[in-house]
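Data first, discussion second: the structure below is written as structure tokens.
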Amino acid sequence: MTPATLLAAGLAAEQKSADVTDWAARIGWVVGLALFIALVYWLMREGWKWRGTLQGDLPELPSAPDDPGPARLSMSGRYHGSTTAGQWLDRIVAHGLGTRSRVELTLTDAGLDVVRPGAADFFVPAAQLREARLDKGIAGKVLTEGGLLVVTWAHGERLIDSGFRSDRAAEHNEWVDVINSMIKNNSTEGAER
């Protein structure tokens with residue numbers, strides 16, 4: 001035998017086949033990971049329900065009057081949620097206020113009508129409106145500066161910030177101006193009485 005043949009025979013003898021996959025261990029890890037993910041999801045769901053229970057003192061949301069009057073402004077876009085006023089991370093989930101959805105907003109002299117397909121609609125009477133401003137974020141949603149229309153309103157004993165984003169963000173400034181002028185006019189009319 002030549003040295004090259006001996007070397008090839010030696011290398012062939014040293015080669016080993018690949019280890020066989022331990023399927024039982026692999027399946028165990030996959031099942032364990034799936035159970036862990038399910039546990040985390042269940043804990044998040046329970047936390048959401050617990051938050052709703054803690055906010056159970058929030059009264060039912062008002063519905064729109066039969067004849068709210070002519071629309072001053074209307075907008076379609078996204079509803080990003082509601083928080084306790086001034087605390088942009090304290091999400092309110094009671095009565096479906098924590099559910100993100102598409103939205104059709106209509107502002108009339110009677111108030112702000114919030115129509116949400118697939119979620120609970122609500123109405124904010126004009127007397128309950130407190131402020132409108134442009135902001136950059138609300139619980140779980142951060143945008144560029146001024147990218148979010150935030151309407152502050154009173155409901156029961158609580159002030160609530162609700163965040164909206166129009167399909168055409170240029171509309172936000174007009175909404176802020178009109179809502180704040182409505183609030184100013186309502187407060188001056190109330191002072192005159």
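The values are calculated or read from the model by the stated rules, or taken from the named source; none is laboratory data. Computed from a prediction, not measured in an experiment: that's the story for all the values here. Quick reminder, even Gly has a Cβ in these numbers, built from the backbone with ideal geometry, and neighbours come from all protein chains shown. Only protein heavy atoms, including side chains, enter the accessible area calculation; ligands, DNA and RNA are left aside. Shrake-Rupley method; radii C 1.70, N 1.55, O 1.52, S 1.80 Å.
What the table below lists for this structure:
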quantity	calculated
Residue that is at pLDDT 90 or above, among the hydrophobic types (A, V, I, L, M, F, W, C), part of a strand (DSSP E or B) and under 21 Å from Ala85 (Cβ atoms), where the choices are Trp175, Trp153	Trp153
Residues located in segment 158-169, provided they are at pLDDT 85 or above and over 19 Å from Lys184 (Cα atoms)	Arg158, Ser162, Gly163, Phe164, Arg165, Ser166, Asp167, Arg168
Matching residues, segment 119-136, being under 12 Å from Gly156 (Cα atoms) and in contact with a Leu (Cβ under 6 Å, 6 or more places away or on another chain)	Val124
Any hit, segment 125-133, residues being outside any strand (DSSP E or B), of a type in the set (A, V, I, L, M) and in contact (Cβ under 8 Å) with a residue 60 or more places away in the chain	yes
Selected residue (criterion: farthest from the chain's Cα centre (by Cα)) from residues of segment 136-172 that are open to solvent by less than 40 Å² (accessible area, probe 1.4 Å) and acidic (Asp, Glu)	Glu171
